[in-house]
1. I'm a student and want to see the number: the projected area of the Cα convex hull of segment 138-309, averaged over all directions, in nm².
2. Dipole size in debye (nearest 20) for segment 74-217 around its Cα centre, Lys and Arg Cβ +1, Asp and Glu Cβ -1?
3. I need the fraction of alpha carbon pairs in segment 58-171 separated by more than 17 Å, rounded to a whole percent.
4. Apply the a/c threshold of 1.5 to the C-alpha gyration tensor of segment 238-325 and tell me whether it is rounded, prolate or oblate.
5. Restricting to bridges with both residues inside segment 138-309, how much of the DSSP beta-bridge set is antiparallel, in percent to the nearest 5?
6. What shape does segment 159-255 have by the C-alpha gyration tensor, where a ≥ b ≥ c are the square roots of the eigenvalues, rounded means a/c under 1.5, and otherwise prolate means a/b greater than b/c and oblate the rest?
7. At most 10 other C-beta atoms within 10 Å and a DSSP loop state: those are the exposed GluC sites (Glu not before Pro) I care about. Give me the longest piece of the chain that has none.
8. Run the numbers on segment 138-309 and let me know its relative contact order in percent, using alpha-carbon pairs under 8 Å that are six or more apart.
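Coordinate-derived values only; no laboratory data. Note that the structure is predicted; figures quoted are calculated from it, not measured. Glycine also receives a Cβ, built like all others from the backbone with ideal geometry; neighbour counts cover every protein chain displayed.
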Amino acid sequence: MEHFAIGVDLGGTAIKVASVSVSGNILLEHKLPTEAAKGPETVIENILAGICTVLNETLKMHARDLLSGVGIGVPGVVSLDGGTISYPPNLPGWTVVRLGDILRTELERRKKLMLPIFVENDANVAALGESTFGAGRQFSDFVMITLGTGVGGGIIINNKIYRGVTGAAGELGHMTIDYRSERIHAGIRGSLEGLIGQQRIVDYAKSLMADAPSKILHELCDGDLSRLDARLLSEAAQRGDSIALETWRFVGEALGAGLGTIVSVLDIRKFVVGGGVSGAGDFILKPAREALYRYTLKSMHEGLEILQAKLGNRAGVMGAAALCF
């Protein structure tokens with residue numbers, strides 16, 4: 001039988017936990033609310049509850065000595081030694097927390113298990129998941145970019161997460177790609193996230209509709225444009241709506257420009273695009289591929305490639321488990 005690990009994806013609203021084999025099979029999955037508003041103690045207790053639930057059930061089917069450890073992906077900056085997370089977003093009341101030590105101590109006390117525990121930034125573990133089990137398996141070096149509420153990313157070099165000097169590398173959404181922009185997001189003018197974060201995408205579509213109302217989008221929203229989101233824009237694009245198609249072209253072009261900057265800096269030429277907004281597929285990726293060539297030196301065109309992520313919303317738990325292998 002194969003070795004396996006427990007992967008945890010800590011989000012602002014939900015905690016996902018799974019046992020994952022070394023070959024990438026999901027043995028068991030569990031999801032529970034984060035209850036972030038109740039503070040760190042409650043969230044940590046929920047993490048432990050999720051881990052224990054998955055452990056208990058998995059160990060009924062698999063030998064304990066095959067368990068490689070527990071990996072956890074968390075929002076925010078993680079120290080280089082993996083011991084400390086600092087001021088994670090969407091988790092009120094958290095400051096600087098040695099999460100790995102807390103979980104290790106409690107699992108030893110409750111389950112009599114002395115396990116290695118690895119803590120890593122959530123975007124980095126998603127990239128590791130795609131590197132180990134998904135679209136990035138064929139590449140030793142690539143960049144993953146996640147499109148969702150915000151824009152995140154992870155850098156894989158020689159099949160390992162590149163973390164930079166302090167552990168904060170990969171904040172791709174905060175790259176400035178339009179320094180003259182009037183939009184300032186998280187204190188940064190013209191950042192990629194400020195241009196193509198999900199709310200900005202919706203706002204862009206609405207601005208186009210002010211000049212040319214869309215019958216299809218109005219139908220999909222039941223006449224209430226406050227319901228407009230990336231999913232409905234994707235559906236409208238599939239139906240040929242010109243507003244939706246132009247919105248996704250804008251997103252793809254901005255994405256391609258950002259990726260071109262990464263090529264120039266890192267000479268990495270492979271990209272994996274994930275996150276909920278990436279569900280628009282080629283409506284984003286086709287203009288992104290075209291723009292990538294325009295924003296990259298001709299001498300660096302060879303080998304440029306943008307792929308869609310394969311693991312979907314499992315990238316986090318699978319990448320977290322991969323920290324243990």
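1. Values: hull surface 42.0 nm².
Quarter of the Cα hull surface area: 10.5 nm².
2. Values: 15 positive and 14 negative charges, 71 e Å.
Using only the charged Cβ atoms, the result is roughly 340 debye.
3. Working: 3912 of 6441 pairs.
Value for segment 58-171 (Cα pairs over 17 Å): 61 percent.
4. Values: a/c = 2.80, a/b = 1.12, b/c = 2.49.
Since a/c reaches 1.5 but b/c is at least a/b, the shape of segment 238-325 is classed as oblate.
5. Values: 11 of 19 bridges.
Here the antiparallel bridges make up roughly 60 percent for segment 138-309.
6. Values: a/c = 2.76, a/b = 2.03, b/c = 1.36.
Taking the square roots of the gyration eigenvalues as a ≥ b ≥ c, segment 159-255 is prolate.
7. Working: sites that count: E182, E302.
Result, exposed sites excluded: 1-181.
8. Numbers: 289 pairs, mean separation 39.0, N = 172.
It rounds to 23 percent for segment 138-309.
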